[in-house]
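In what follows, a structure is listed as structure tokens, so that the remarks can point back to it.
The values are calculated or read from the model by the stated rules, or taken from the named source; none is laboratory data. In this text the structure is predicted, and so the values were computed from the model without any measurement. Glycine gets a Cβ as well: all are built from the backbone with ideal geometry, and neighbour counts include every protein chain shown. Protein only, heavy atoms only, side chains kept; ligands, DNA and RNA dropped before computing areas. Shrake-Rupley method; radii C 1.70, N 1.55, O 1.52, S 1.80 Å.
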Amino acid sequence: MKKILLLTGLSLCLFACKNESQKTTAQPPVVNTEELAEKDRTPEEEIAYKIAEANGLKNWKSVTEVQFTFNVDRGDSHFERAWKWNPQTMDVTMRSDKDTVSFNRKEVDSLSMDADKGFINDAYWLLAPMHLVWDEGTTLTVQDTATAPMSQQKMSKITLTYDGEEGGYTPGDAYDFFYDDEYMVREWIYRRGNVSEYSMVTTWEDYKDYKGIKIAADHKAPEDAVHLYFTDIAVKTEE
């Protein structure tokens, strides 16, 4: 599995983030689509691959551009920022109501670091099932039968835990992915510091297929306390 540094807490403090490193020379996260051979996978990794493949992992290598707008509604407040990302060249452009920032993720500096942190957060929400196989410095555990926290339905669960020292911006955090018989994520829990009580839980809804990449555009918290969703999603692939 390959390493991607993560900013797992929302920029709007929907869950509390740990203090990120202040070093501006740190290497930015890199998506590496090299797959682990089936013969080398553990049973937990095999489940992770089935989930990622159900979301279009095999088609990711042909993706040349991803566009999306990340939206958060909380009470009467609304936040959004738009992204254009080339995962092959690592060029990124962010547009918000306050700023437009273009940078390359191979050369993140003090001027682009805040935008890069926002990108990591938003893109993680967009493609979290892929991170089950993309990220290094993690531990996977699987539970065949578990109760999904919101629907109370019986599903399977895979937990992704980031190492305490090398887990990116929020080391030691854990995610519980609740998935159905088709290996599609339907709900998830974020647990800061891998404690038993969750920091946030949301649904995974409104899946659509974008050039072979399946994306859940809608995430709701209990009692609609937070509504996180994506608009203007577009995926371009090699002809």
Note to self: Restricting to lysines 8 or more places apart or on different chains, can you count the pairs in the stretch 23-138 with Cα atoms under 22 Å from each other?
What the structure shows: 15
Next item on the list: Please give the per residue accessible area of the stretch 122-193, computed with a probe of 1.4 Å over protein heavy atoms only, in Å².
Entry: 37 Å²
Margin query: Given the stretch 98-203, report the % of alpha carbon pairs whose separation exceeds 21 Å.
Written below: 41 percent
Check: Which order, highest average first, do 50-57, 141-148 follow once you tally other Cβ atoms within 10 Å for each residue and take the mean per peptide?
Finding: 50-57, 141-148
Next item on the list: Would you check the accessible area of Lys220, probe 1.4 Å, heavy atoms only, in square angstrom rounded to 10?
Entry: 60 Å²
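Quick check: at a probe of 1.4 Å, how many percent of the accessible area of the stretch 54-136 sits on carbon and sulfur atoms?
Numbers: 1510 of 3540 Å².
Answer for the stretch 54-136: carbon and sulfur cover 43 percent of the accessible area.
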